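Here is the structure we will look at.
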Amino acid sequence: MAAPGPGEYFSVGSHVSCLTCLGQRLQGEVVAFDYPSKMLTLKCPSSSGKPNLSDVILINLAYVSEVDIINDRTETPPPLASLNISKLANRARTEKEDKLSQAYAISAGVSIEGQQLFQTIHKTIKDCKWQEKNIIVMDDVVISPPYQVENCKGKEGSALSHIRKIVEKHFRDVESQKTMQRSQAQQTQKDSSLSS
Amino acid sequence: MATARTEIPASVMPVTKQNGQAKPMSLQTGSFSSSTPSGKTPVMPQKGSSIPQSSGGIRFGDDWKKCLQLPPKDTRVRTTDVTATKGNEFEDYCLKRELLMGIFEMGWEKPSPIQEESIPIALSGRDILARAKNGTGKSGAYLIPLLERIDLKKDYIQAIVLVPTRELALQVSQISINMSKHLGGIKVMATTGGTNLRDDIMRLDEIVHVIIATPGRILDLIKKGVAKVDKVQMAVMDEADKLLSQDFVVLIEDIISFLPKKRQILLYSATFPISVQKFMTKHLQKPYEINLMDELTLKGITQYYAYVTERQKVHCLNTLFSRLQINQSIIFCNSTQRVELLAKKITQLGYSCFYIHAKMMQEYRNRVFHDFRNGLCRNLVCTDLFTRGIDIQAVNVVINFDFPKNAETYLHRIGRSGRYGHLGLAINLITSEDRFNLKGIEDQLMTDIKPIPSSIDKSLYVAEFHSMNPDEEEAAHKTGELN
């Protein structure tokens, strides 16, 4: 069917199927529709496969070539779920801080190795920040370029020894990854020689 | 370079699956201790030694994972309390291989949210104040760093875990023993009231590295000079809000005074009453604060009390039913017997109600609650079955027919988690026995519970009567909607 006219709208709760101009088929339950902006919001099964989660997709109908209503819903839609605004705000602020921290490292000219180490530490210890080219962990441990175990300085104690373990493990893992890649490359060569 | 250990002694038996949530089916009483399996004594790897690389990129040390005796996979549905993680792995924390083996053999595959937040900070030696629900992997959150940091070459008590109940002490010690079975002889002892003191004294003549205890018993042993805690480097207080209640707080302060000045304290609590905050200020150094609770809040809830005698309660409830505009209500009692008696009485008064309590089968309770949530009945009478607040939008009135014993219970009965614009009413029937409780709970939760007025403004708790804000009123007036 053609896109809805000014007086028409998709009912919340209806199931629709869309074919995008890229040939992608999207199917789900209508959560919201805004005629002026031609934006349709669909709730689809989660891409992660978890049954208690859903993907929410925003579709610009200007880029949809075909819309089919699979099941039109006519009853009054249920009330929208309440949103924990403060939780969402906290999450947005945290994500923003993380991105700014990464951007800072790049603009300060930190080496790739330093950036990767920061991400490894930050993965388990969030209290982690840049101070020029130094990584400061929990305000106790300072890691200076070139970010090796011996470059970790701070008050002797559990924090310092734990950070050193993380740094040591990080470079061990990086090295074993390189070894694995080299090994795979060699395997590829062997396969090539067999086929020729 | 030390050789990485790859053998598991044949005498190691599969263990009952524990994930820090479920209670073991059976428990020994009295003291517990782990022992080295008969025969070969495991050789501890050198601290900080690296794992030798072998050809083909396969790390020699990875073989240990193939030798694990894993329990069956737990396929039960889990809530976001344990699945909303950042994607860490236990290996990310640089734990000893033997400890990792114990963790995996308990069926723990990945760290839960509270474990993700706690473990690396605890390993760094920081004090921690963590707020988390029971059943979310909290035990593992403190036991993993605790066991990792035990030095087997030292033959004195290095860590203590304080818990408020004997059952929890036995449960935590069992988890410790299971998790540390490959660690080559960590000695874990549980000591609680109600058991033979003499047995505990004899046990402490031998080597003990970790004590898991209720406060009264361990204080007794400390004061007798039998339990020497002057070299403890880590002290954990699980369910700290209970441990710091009036019953226990004096004992806790006394125990703390015996610990060395340089020690690490981890506090785990579901609520943060004033008592926990005071203790934190006094004894913790720059604690790292973790809060994984959807904040239960009393914001938007109007709270009243009615001072009545026990015999007047039913009449008072009848009056409330006739005067309040209830969409749905939940009425709390403090015992299963009282739930049944009250439900019967409410029916006699001519009102519909469901009731559930702890002695009913879980499946039946779930069905009743589900039906209530779907609006099949207006009133629900129950005991404290819920540990995460009740989020039913339609419930606009909560009545404490019996007043709760503590602030945590009060918060769980009446509090709502993080929702704006959801108003509600809470009415507490108070007898003379409850009046001190009322004051205490008000203080701990920093909230205000007023005497019930003769009539209650409907805008406080009825959706249709919620006042529009001044701008909305003006806009509505301009459009002619108001007449």
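The values are calculated or read from the model by the stated rules, or taken from the named source; none is laboratory data. Owing to the predicted nature of the structure, the values given are computational and were not obtained by experimental measurement. Neighbour counts are summed over all protein chains in view; Cβ atoms, including those assigned to glycine, are modelled from backbone coordinates with ideal geometry. The protein model used for the area step is the full one, side chains on, heavy atoms only, and it has no ligands, DNA or RNA in it. Shrake-Rupley method; radii C 1.70, N 1.55, O 1.52, S 1.80 Å.
For this structure, a couple of remarks:
- Sequence-separation-based contact order of the stretch B:71-291, relative, with Cα cut under 8 Å and 6+ spacing, percent: 25 percent
- Within-9-Å neighbourhood charge of B:G194 [Cβ basis; K, R +1; D, E -1]: +2
- Environment charge of B:D247, counting only residues whose C-beta is closer than 15 Å and scoring Lys/Arg +1, Asp/Glu -1: -1
- Here each label is just a point 7 Å from Cα along the line to Cβ, and for A:L58 and B:E89 those points are 3.5 nm apart.
- Distance between the stretch B:91-105 and the stretch B:215-270 - C-alpha centres, whole angstrom: 28 Å
- For chain A, the relative contact order comes to 12 percent (Cα pairs under 8 Å, sequence separation of at least 6).
- Under 23 Å from the Cα of B:K181 - lysines, other chains or at least 8 residues apart: B:K17, B:K23, B:K40, B:K47, B:K65, B:K66, B:K73, B:K96, B:K110, B:K138, B:K153, B:K154
- Two-site label geometry, A:S11 and B:A358: point separation in nm, points 7 Å out along Cα→Cβ: 4.8 nm
- Extension gain (nm, one decimal) between B:E109 and B:V250, 0.36 nm per residue minus Cα-Cα: 46.8 nm
- Here the stretch A:87-185 is treated with +1 on each Lys and Arg Cβ and -1 on each Asp and Glu Cβ, and its dipole about the Cα centre works out to around 340 debye.
- Charge dipole (chain A, unit charges on Cβ, about Cα centre) - positive-most of A:I166, A:N60, A:L100: A:I166
- For the pair A:A108 and A:S46, the difference between a 0.36 nm per residue extended length and the Cα-Cα distance amounts to 18.4 nm.
- Here the accessible area of the stretch B:131-215 is 47 percent carbon and sulfur, with a 1.4 angstrom probe and all protein chains present.
- Computed label-point distance, nm, for sites B:C67 and B:L341 using a 7 Å Cα→Cβ extension: 6.2 nm
- When the Cα gyration tensor is reduced to axis lengths a ≥ b ≥ c, the ratio a/c stays below 1.5 for the stretch B:296-460, which is therefore classed as rounded.
- At an R0 of 25 angstrom, the distance between the Cβ atoms of A:E150 and B:K154 translates into a FRET efficiency of 0.35.
- Dividing the summed -39500 (n - 2.57) terms of all DSSP H runs of n ≥ 4 by the residue count of chain A sets its mean residue ellipticity at 222 nm at -13500 deg cm²/dmol.
- Total accessible surface hidden between A and B, rounded to 100 Å², 1.4 Å probe: 2500 Å²
- Pairwise FRET efficiency - A:L100 versus B:D230, Cβ, R0 = 56 Å, nearest 0.05: 0.75
- The stretch B:296-359 shape via C-alpha gyration tensor axes, a/c threshold 1.5: rounded
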